[in-house]
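The next block holds one structure in the form of structure tokens; read it before the comments.
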Amino acid sequence: MKNARVDVWTLVLAVSVGVIGVLLVWPLTSIFAASVIDNRTGDLTLDNYVRVLTRPFFQTAMLNSLIVGVGGMLGALLLGIPLAVLTTRYVIAGRQFLSTLAVLALVSPPFIGAYAWIMMLGRNGFIRLGLESIGIEVPSIYGFFGIILVFSLKFYPFVFLLTASSLGTINPSIEEAAEGLGARPWRRLFQITLPLVFPAISAAALLTFVLSIADFGTPSIVGGNVRVLATTAYNLFNSEMGGNPGLASATSVVLIAMSLVVVALQRYAVRRRNVAGALIRRPVPRRLGRLASVVAHVVCYSIVLVSSLPSLVVIYMSFRKTSGPVFQPGLSLDSYAKIIREVPHVIGNSATYSFIAVALIVIVGTGIGYLLARRETVLTGALDGAFVIPFVMPGVVLGLAYVVTFNVPPLELTGTATIIVLMLFIRRLPYTVRSSVSILKQIKGSLEEAAISLGAGPAQAFLKITLPLMLPGIVAGGLMSFITAINELSSSLILYVGRTMTMPVRIYLSVLDGEFGTAAALATILLFASGLAVYLIFRVSGRNESAFV
Amino acid sequence: MARLDIQNIRKSYPGVTALDDISLAIKSGEFFTLLGPSGCGKTTLLRTVAGFNSHDSGEILVDGGRIDNVPAHRRNIGMVYQDYAVFPHMSVEDNVGFGLVTRKTPKAEIAERVARALALVQLGGLEARLPYELSGGQQQRVALARAMVINPRILLMDEPLSNLDAKLRVGLRDEIRDLQRSLGITTLYVTHDQEEALVISDRICIMERGRVHQVGSPHDVYARPATLFVASFVGAMNVFRDIAVGPGGEVRLGSAAVALAGLAGRSRVTLSIRPEDVTIGGSPAGEGPALRLEATLRKVTYAGRDALYRVEGSGFAPLLVHLYRPDTARLAEVDTRLTVTLPVRCLHAFDATDERRIDLRP
């Protein structure tokens, strides 16, 4: 039976390799090619890299990216780790409420946070004005302060959720043993507990760094004159001079390289650190003394409430009376009337594109996940490797790569809805694949074999046995994909034309135009859609917050 | 009911020979066990028969017809797994009926056959339960019923009792045996537990590192192990390695010597004897020749209905002596000097290099 493995899964493998090749490897190759080819002569050149690496203009952008990346990462760690330790190790009232708010903060896009902070701390921000009236000067929100503030408050939930779930799997005997050996609480925390969850913390740190340097909306809204690589690449490409794809591509490749280096560093840091132990008992939260308990509650609630503030502000502002672009006292539905009057197609586009992309992601992602988990071959190994790419490929870069690749035959797609759907599809696909793989790892392979030995063909065995068992995980993953798809800004900003504009793009443009009412109303719709998806995820996956990371 | 022929099956992975030219002829209705340590190839062979592993060469035949080129789902072979593999989202009834549904059996017939199968494994009345509501033993009964209800030509079992606790294991073991015998299904059973293999099997095949050491009845493999590996793996065995042999077949252990005709002409040999064949004190008359060794008692392990002595002496490896129904008052103190007797008729001899059995009584 040497060739008996040619079955329905062979077909799925062929299709998957095709999809990844066309939608991922080809664009990546194109952008790399564009970076080493001279714009005018078409010769092979390293000029673009020489310029990017030597000119102060780019060096500043690189340094700035590094600063906001490290700043955002440290800020997120500083907020996320204490929250995780306090809520898993000590009795904190309303733990569920806190983690729900953290998840909600997580699923709203960063640029909405950036814009909300402008309304609070910008030149005419109400908090700034309030504080100034009692004589307190607040540093300008524009620049590093604003970017890092937004990143810290936006990305800390990743650190919180990853660390908390890892803390939940440490055998309490280990910590009790440390205590029995005389280690005081602080010493126990720093020498036993935190080192044990280091893999989770470092993975979260990596994630927040990569997200911070990839984010385009935040630095372009609150960055002021701080240019980072993502905004630089976008501007180079989009400049009125007709754009410079060579330089933009080289900048993109540098951005990818930066992410890759950090990924490699993290992998190196967690090598030989497999600390997963046999879990006999679950850790039980302890009671704190009265004073310590008050402090712990203040810390936890401050972090979570401050991070929820932007969403609340946006929702409130969307119901304010407006007169043109200016907010007036009093409440009204003016802004909603305006978006329904002026940009109804934008809402329709966002919904349509996201639904189609999610449908594709779920179908293809489940198939590929199955291949990776159950059929190990050289080809599936290569597929697995290819899935690191979108993770380190910022949205701006993917957008640029798609323009470079698909603005000429054989696949001329720029300006169509298809290209936006495909972009949304490929950006989220790897996450779904990864989650399908981990779901499948929990479903014993013997179940499907048993079905086959009972006479079910491979396809039937999958559909009747494995798929039903995967379903809750697949639905949760699909909803997560929906959240990211509907909130996606940077790639859409590069790929949209008037007809194919989406809500995040409209919000971004409205913010730049000072149309805060429109932006707030659209952002509220986005927040509502994301919140609804979170609610549904909780329903299908039984309140498992770690489903969100 | 079908005979199963495994002919010259080979399978190698990079750097490992998983199955090295395996040929077995399993009779219709036979309970045949593959026994060996982990990594010996027994599960690989079982899964090859089931159709879940590919092999490099060789053939598998059921009743003379090749099945190794038939896809797994058309082989009509039942399989029972160590981890039960009961479908967690289906009721007991749907689990057992699954194979009949895939065969498009009429509904009324499915209901009737499922009910009968559940009665056979004593799960009548639990039709509507979901697997998580069942104990491990009950889940394995569901798996058993599910595999048998399709009237498979061959039933394969991959360590079906390993995940159960000791008491349950013994109970279900006997039940499987009785059921198999009454239905007469040809069964290929995999285990690493030698006691289980001895109790349950018609014949046992002992494997190690992809090779077959011996195929025989439980009594054969226990009483006449074909290799030193079989001797040590099945039951306990005292082994005296690499003993020099005199020209007439004389061997010496410590101060005792005996001439064994079967060893004449050899230079070195490995001898062994089971702990229950060794006796303490001089052997009674009429028992034939024996080796009598002077030794010191080093350790006593008392386990109720039996006990083990570990004794040491100069010129031979430490050995275990099994005492059945030890009378506590008569158990000796540690460090007592005593004589142990090794009856010659109980000795096993193996070639010192290839470790194959040498017959001492031609």
Lone unmet requirement of (1) closer than 30 Å to residue B:211 by Cβ; (2) crowded, with 19+ Cβ neighbours inside 10 Å for residue B:355: (2)
Kindly check whether there is at least one residue in segment B:146-153 that is touching a helix residue (DSSP H, G or I) at 6+ places or on another chain (Cβ under 6 Å), open to solvent by less than 50 Å² (accessible area, probe 1.4 Å) and not in a helix (DSSP H, G or I). yes
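I'd like to know if segment B:171-184 contains one or more residues that are within 14 Å of chain A (Cβ to nearest Cβ), of a type in the set (S, T, N, Q) and surrounded by fewer than 22 Cβ atoms within 10 Å (Cβ to Cβ).
Looking only at segment B:171-184, we keep the residues that are within 14 Å of chain A (Cβ to nearest Cβ), and these are none.
So far as segment B:171-184 goes, no, none of its residues is within 14 Å of chain A (Cβ to nearest Cβ), of a type in the set (S, T, N, Q) and surrounded by fewer than 22 Cβ atoms within 10 Å (Cβ to Cβ).
Any idea which residue in segment A:449-478 is nearest to the other protein chains (Cβ to nearest Cβ), counting only those that are hydrophobic (A, V, I, L, M, F, W, C) and open to solvent by 30 Å² or more (accessible area, probe 1.4 Å)?
Within segment A:449-478, the first condition is being hydrophobic (A, V, I, L, M, F, W, C), and the residues that meet it are A:450-452, A:454, A:456, A:459, A:461-463, A:465, A:467, A:469-471, A:474-476.
If we keep only those that are open to solvent by 30 Å² or more (accessible area, probe 1.4 Å) too, we end up with A:459, A:463, A:467, A:469, A:471, A:475.
Numbers: A:459: 10, A:463: 12, A:467: 10, A:469: 6, A:471: 9, A:475: 15 Å.
For segment A:449-478, the residue satisfying everything is A:469.
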Looking at segment B:48-63, which of the residues that are more than 9 Å from chain A (Cβ to nearest Cβ) and touching a residue at least 60 places away in the same chain (Cβ under 8 Å) is surrounded by the most Cβ atoms within 10 Å (Cβ to Cβ)? B:49
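Specify which of the listed residues (B:338, B:323) is under 26 Å from the mean Cα position of the chain (by Cα), surrounded by 15 or more Cβ atoms within 10 Å (Cβ to Cβ) and either among the aromatic types (Phe, Trp, Tyr) or at negative phi (or both).
Numbers: B:338 fails: under 26 Å from the mean Cα position of the chain (by Cα).
Residue meeting the stated conditions: B:323.
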Filter result (part of a helix (DSSP H, G or I), touching a Leu at 6+ places or on another chain (Cβ under 8 Å) and open to solvent by 30 Å² or more (accessible area, probe 1.4 Å)) within segment A:237-255: A:237, A:245
Of those in segment B:88-106 that are touching a Leu at 6+ places or on another chain (Cβ under 8 Å) and polar (S, T, N, Q), the residue nearest to residue B:138 (Cα to Cα) is B:91
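Considering only segment B:72-103, how many residues are assigned to a loop (DSSP other than H, G, I, E, B), within 28 Å of residue B:53 (Cβ to Cβ) and either more than 9 Å from every other protein chain (Cβ to nearest Cβ) or out of contact with any strand residue (DSSP E or B) (no Cβ under 6 Å at 6 or more places or on another chain) (or both)?
Narrowing segment B:72-103 to residues assigned to a loop (DSSP other than H, G, I, E, B): B:75-76, B:81-91, B:103.
Remaining after also requiring within 28 Å of residue B:53 (Cβ to Cβ): B:75-76, B:81-90, B:103.
Among the residues that remain, those that are also either more than 9 Å from every other protein chain (Cβ to nearest Cβ) or out of contact with any strand residue (DSSP E or B) (no Cβ under 6 Å at 6 or more places or on another chain) (or both) are: B:75-76, B:83-90, B:103.
So the count comes out to 11.
If we scan segment B:51-62, do we find a residue that is charged (D, E, K, R) and assigned to a helix (DSSP H, G or I)?
Here is the first cut: in segment B:51-62, the ones charged (D, E, K, R) are B:56, B:59.
From what's left, assigned to a helix (DSSP H, G or I): none.
For segment B:51-62, residues charged (D, E, K, R) and assigned to a helix (DSSP H, G or I): absent.
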Scope segment B:303-315; condition in contact with a strand residue (DSSP E or B) (Cβ under 8 Å, 6 or more places away or on another chain) and either among the β-branched types (Val, Ile, Thr) or open to solvent by 20 Å² or more (accessible area, probe 1.4 Å) (or both); matching residues: B:305, B:306, B:308, B:310, B:311, B:312, B:313, B:315
For segment A:122-142, give me each residue that is open to solvent by less than 70 Å² (accessible area, probe 1.4 Å) and not in a helix (DSSP H, G or I). A:122, A:125, A:135, A:138, A:140, A:141, A:142
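Quick one: is residue B:114 of a type outside the set (Gly, Ala, Ser), free of Cβ contacts under 8 Å to residues at least 40 places away in the same chain and open to solvent by 20 Å² or more (accessible area, probe 1.4 Å)?
Numbers: of a type outside the set (Gly, Ala, Ser): yes; free of Cβ contacts under 8 Å to residues at least 40 places away in the same chain: yes; open to solvent by 20 Å² or more (accessible area, probe 1.4 Å): no.
It is false that residue B:114 is of a type outside the set (Gly, Ala, Ser), free of Cβ contacts under 8 Å to residues at least 40 places away in the same chain and open to solvent by 20 Å² or more (accessible area, probe 1.4 Å).
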Filter segment B:182-202 down to the residues that are touching a helix residue (DSSP H, G or I) at 6+ places or on another chain (Cβ under 8 Å) and part of a strand (DSSP E or B) and list them by number. B:187, B:188, B:189, B:190, B:191
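The values are calculated or read from the model by the stated rules, or taken from the named source; none is laboratory data. What you see is a predicted model; the values in this text were computed from it and never measured. Ideal geometry is used to build each Cβ from the backbone, glycine not excepted, and the neighbour counts take in all protein chains shown. Surface areas here come from the heavy atoms of the whole protein model, side chains and all, with no ligands, DNA or RNA. Shrake-Rupley method; radii C 1.70, N 1.55, O 1.52, S 1.80 Å.
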